[in-house]
2 protein chains.
Amino acid sequence: MKYRVHVRILPRPGLLDPQGQAVEHALATLAFANVGNVHVGKAVDLDVVATSEAEAAKHARAMCDKLLANPVIEDYAVQVEPIS
Amino acid sequence: MKYRVHVRILPRPGLLDPQGQAVEHALATLAFANVGNVHVGKAVDLDVVATSEAEAAKHARAMCDKLLANPVIEDYAVQVEPIS
């Protein structure tokens with residue numbers, strides 16, 4: 001069965017996130033008040049063929065550990081939805 | 001009330017996505033078979049103060065239209081969750 005996997009990779013809390021700070025500053029300049037704690041990272045979408053949703057998530061986490069994310073400085077979250 | 005907003009910004013379907021192709025190729029090289037349709041974009045997390053979840057989402061979409069995304073070449077999706 002085929003699954004659509006959505007991966008979000010963001011800098012770990014407490015680490016320097018200059019891109020997030022730049023976006024936060026730019027939003028304030030554009031008069032978006034009441035916005036804070038901005039963090040910018042990567043989004044990866046991919047299709048995986050797996051026997052179950054849990055297996056698809058397991059594959060996706062292995063991809064994050066080996067290639068997509070840098071586990072020293074980034075956290076990731078995986079969401080799986082069936083597509084066929 | 002405060003809401004945590006998760007924004008995903010990805011290249012529109014049909015547009016060239018060289019970064020997605022590079023990741024797809026790298027995953028194949030790492031023996032992750034059964035993976036396809038890989039797209040790479042941006043993830044933005046931010047806190048918004050708003051009166052309702054719908055208003056927080058509306059603010060986030062306005063931020064995407066004005067700053068975070070390029071609507072000509074990117075699509076975005078907004079997820080909102082209450083945090084306090």
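Before moving on, here are some points about what is shown:
- Peptide A:45-55 has a mean of 4 when you count, residue by residue, the C-beta atoms of other protein chains within 10 Å of its C-beta.
- FRET efficiency, 1/(1 + (r/R0)^6) with R0 22 Å, evaluated for residue A:2 and residue B:83 via beta carbons: 0.05
- For residue B:34, neighbours were defined as the other residues whose beta-carbon sits under 11 Å from its Cβ, and their charges (Lys and Arg +1, Asp and Glu -1) total -1.
- Beta carbon of chain B nearest to the axis of the rotation taking B to A, residue and angstrom distance: B:43, 2
- Label point of residue B:37 (7 Å along Cα→beta-carbon): distances to the other copies' equivalent points are 3.3 nm, sorted ascending.
- Among residues other than residue B:47 with Cβ under 12 Å from its Cβ, the summed charge is -1 (Lys and Arg +1, Asp and Glu -1).
- Between region B:25-84 and region A:18-42, the alpha-carbon center distance in angstrom: 14 Å
- Spacing of the two label points (7 Å from each Cα toward its C-beta) at residue B:54 and residue B:15, in nm: 3.0 nm
- Label-point spacing for residue A:83 across the identical copies (point 7 Å from Cα in the Cβ direction), in nm and ascending order: 3.0.
- FRET efficiency for the pair residue B:34 and residue A:37, taken as 1/(1 + (r/R0)^6) with r the Cβ-Cβ distance and R0 = 41 Å, rounds to 0.65.
- What the phi angles of region A:5-20 give under the Karplus curve with 6.51, -1.76 and 1.60, with θ = phi - 60°, is a coupling list of 10, 10, 10, 10, 10, 10, x, 4, x, x, 7, 4, 10, x, 5, x Hz, glycine and proline written as x.
- Couplings 3J(HN,Hα) of region B:31-46, computed from phi: 6, 8, 7, 6, 10, x, 6, 7, 10, 10, x, 10, 10, 10, 10, 8 Hz, in residue order, whole Hz [Karplus 6.51 cos²θ - 1.76 cosθ + 1.60, θ = phi - 60°; x for Gly and Pro].
- Given +1 at the Cβ of Lys and Arg, -1 at the Cβ of Asp and Glu and no other charges, the dipole of chain A around its Cα centre is 120 debye to the nearest 20.
Read-outs throughout are calculated quantities, based only on the coordinates presented, and are distinct from any laboratory measurement. Note that this is a predicted model, so its numbers are computed, not measured. Positions of Cβ are backbone-derived with ideal geometry, glycine not excepted, and every protein chain shown enters the neighbour counts.
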